[in-house]
Amino acid sequence: MLRIIPFEIRKLFEQPMIFLFFIASLFLNTMYIATAELDQSYLNYVQETEVKTGTLITSEFHEKLSNQYTSRNQQRLLIETAKLENVFQHYATEVLGQEMINYFQIQGSVAEKMKIKYEKLTSVVHELAEEQAALEMGTAGETMSIFTFIRNRLFRAILGESLIFALLLGLYGSTSERLTKTDVLVVTSKTGRKTQVGKYAASFILIFLFYVTMVMLTFGIFNHMYPIGTLWETSMSTQFHLNVYVPQSLEIPFIPWQPMTLLNYTILSIVLGGLLIIICHGFNFLIGLWTDHLFRGFIVFVIMYVVFLGLEQIINQMGWWNLHSLLMWHPISLWKVQGYWFTEMGPYATIPWQESIAMVINIFLLGIGGILTSKFYATKEVK
């Protein structure tokens, strides 16, 4: 079946919608970047200044900064770094856990699991305190805007586009023979049925190329328009960067399960996003095989998505926290909480690294689904 993969890839490339979708996605991302309104002049000033002052905010840093040429940017930097301290030095994760439980009114066994989770976070906080991560300057007051744009907006846009592409190509890859009315020829022989393996591989390769290319081009354009330089090496846990669960009400330090720089965090997010795309493509390919029609498969997916959202709303309103915690293992939930990946994730996780573990479990379930579908497809009747 490997020999048909190049032919299936060529067939997919012959579809003009693939190129149109890629161009439209790249154009939207470029416009998104162009309208980001990030303060590049201040970023440039901070990066030039840190060569003389260092990147850690200490008394020596303030002394060196005060002796620099007086300017508007210098005064702004002095004000923004005036009262910062190593917040992780005496940070109590148990108190944070109780704050989460009280704010979201978490009850029952989930509350107990949450307490254990935040107890495990203590060692990470101690490590961040030793590294003085909170004292890293980054871009001072502009750090939150840049970090949030990269992890919560720009990457989310790339991931969303890639998931849509994976959904559509997964369904199309498994139903294309029906669209061209050659499906009878395929299912009337054992060899013909096995061509679906090649179709799966071809659509998977194309999705992988789309995702990788979109990541490289989008971040390349971003770096060209907003060269952030050494900011990529700034800790995600600098005090200028917060994890926001409820604006103005619940904003806490950004605490990942392992100290990370912006570059580390972005790379790990890209890898985890790739796993989510594999899951989305795989399950929708299987849906296409079961429904035997692109439109019917799409309707099934939409119904499942709408039902999931409705179920989530009901569970949240009723305060059924045991069901809520189970829901957080679903691929749709994993996508929705993308902005919290690799952190303690507040009410959206009960164990460390839950999003990563959930991805592996979903890939395992995809494998089981593939085995069951292959048995179904091997005995499928011709209609």
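The values are calculated or read from the model by the stated rules, or taken from the named source; none is laboratory data. Note that this is a predicted model, so its numbers are computed, not measured. Here Cβ is always computed from backbone atoms with ideal geometry, including for glycine, and neighbour counts include all displayed protein chains.
Being polar (S, T, N, Q) and either buried (at least 20 other Cβ atoms within 10 Å of the Cβ) or under 19 Å from the mean Cα position of the chain (by Cα) (or both) is a condition met by at least one residue of the range 221-235. Quick check on Tyr118: is it assigned to a helix (DSSP H, G or I), touching a residue at least 60 places away in the same chain (Cβ under 8 Å), buried (at least 18 other Cβ atoms within 10 Å of the Cβ) and at negative phi? Answer is yes for this residue. Being surrounded by 18 or more Cβ atoms within 10 Å (Cβ to Cβ) and charged (D, E, K, R) holds for only one residue in Glu251, Glu312, and it is Glu312.
What's the number of the condition Gln107 fails, among (1) more than 23 Å from Ser249 (Cα to Cα); (2) more than 27 Å from the chain's Cα centre (by Cα)? Here Gln107 meets the rest and fails (1). A search for C-beta distances below 8 Å between a residue of the range 297-320 that is more than 16 Å from Ile332 (Cα to Cα) and any residue that is of a type in the set (Gly, Ala, Ser) and assigned to a helix (DSSP H, G or I), counting only pairs 6+ apart in sequence or on different chains, returns Gly297/Ser174; Gly297/Gly288. Across the range 64-111, what is the number of residues that are in a loop (DSSP other than H, G, I, E, B), at pLDDT 85 or above, farther than 18 Å from Thr143 by Cα and not hydroxyl-bearing (Ser, Thr, Tyr)? Final tally of qualifying residues: 7. Here Leu231 meets the list (1) touching a Ser or Thr at 6+ places or on another chain (Cβ under 9 Å); (2) assigned to a helix (DSSP H, G or I); (3) free of Cβ contacts under 8 Å to residues at least 12 places away in the same chain almost entirely, failing just condition (3).
Every condition in (1) under 20 Å from Ser235 (Cβ atoms); (2) assigned to a helix (DSSP H, G or I) holds for Ile164 except the one numbered (1). Put simply, of Glu37, Glu63, Glu8, Glu50 the only residue that is under 26 Å from Thr234 (Cβ atoms), of a type outside the set (Lys, Arg) and touching a residue at least 40 places away in the same chain (Cβ under 8 Å) is Glu50. Among the residues of the range 157-172, those that are buried (at least 17 other Cβ atoms within 10 Å of the Cβ) and of a type outside the set (A, V, I, L, M) comprise Glu161, Ser162, Phe165, Gly170, Tyr172. Candidates are the residues of the range 284-297 that are hydrophobic (A, V, I, L, M, F, W, C) and out of contact with any helix residue (DSSP H, G or I) (no Cβ under 6 Å at 6 or more places or on another chain); the one that is nearest to Val215 (Cα to Cα) is Phe295. Across the range 337-348, the qualifying residues are those that are closer than 10 Å to Trp257 by Cβ and more than 10 Å from the chain's Cα centre (by Cα), and the one among them that is surrounded by the fewest Cβ atoms within 10 Å (Cβ to Cβ) is Met345. Being farther than 21 Å from Phe61 by Cα, surrounded by fewer than 20 Cβ atoms within 10 Å (Cβ to Cβ) and in contact (Cβ under 8 Å) with a residue 60 or more places away in the chain is a condition met by at least one residue of the range 125-132. Out of Leu289, Leu268, Leu276, one residue alone is surrounded by 18 or more Cβ atoms within 10 Å (Cβ to Cβ) and closer than 13 Å to Met359 by Cβ. It is Leu276.
Could you tell me which residue of the range 66-91 is surrounded by the fewest Cβ atoms within 10 Å (Cβ to Cβ), considering only residues that are without any contact (Cβ under 8 Å) to a residue 40 or more places away in the chain and among the basic types (Lys, Arg)?
Here the residue is Lys83.
From the list Phe301, Phe283, the lone residue that is crowded, with 17+ Cβ neighbours inside 10 Å and farther than 13 Å from Leu366 by Cβ is Phe301. Thr213 fulfils the conditions (1) assigned to a helix (DSSP H, G or I); (2) out of contact with any Gly (no Cβ under 7 Å at 6 or more places or on another chain); (3) buried (at least 19 other Cβ atoms within 10 Å of the Cβ) except for a single criterion, (3). Considering only residues that are more than 22 Å from Val271 (Cα to Cα), touching a residue at least 12 places away in the same chain (Cβ under 8 Å) and either β-branched (Val, Ile, Thr) or surrounded by 15 or more Cβ atoms within 10 Å (Cβ to Cβ) (or both), which ones fall in the range 351-379? Residues satisfying the conditions are Gly369, Gly370, Thr373, Tyr377. The helices (runs of 4 or more DSSP H) located wholly in the range 1-63 that include 1 or more residues which are more than 28 Å from the chain's Cα centre (by Cα) and surrounded by 15 or more Cβ atoms within 10 Å (Cβ to Cβ) occupy 5-13, 40-53.
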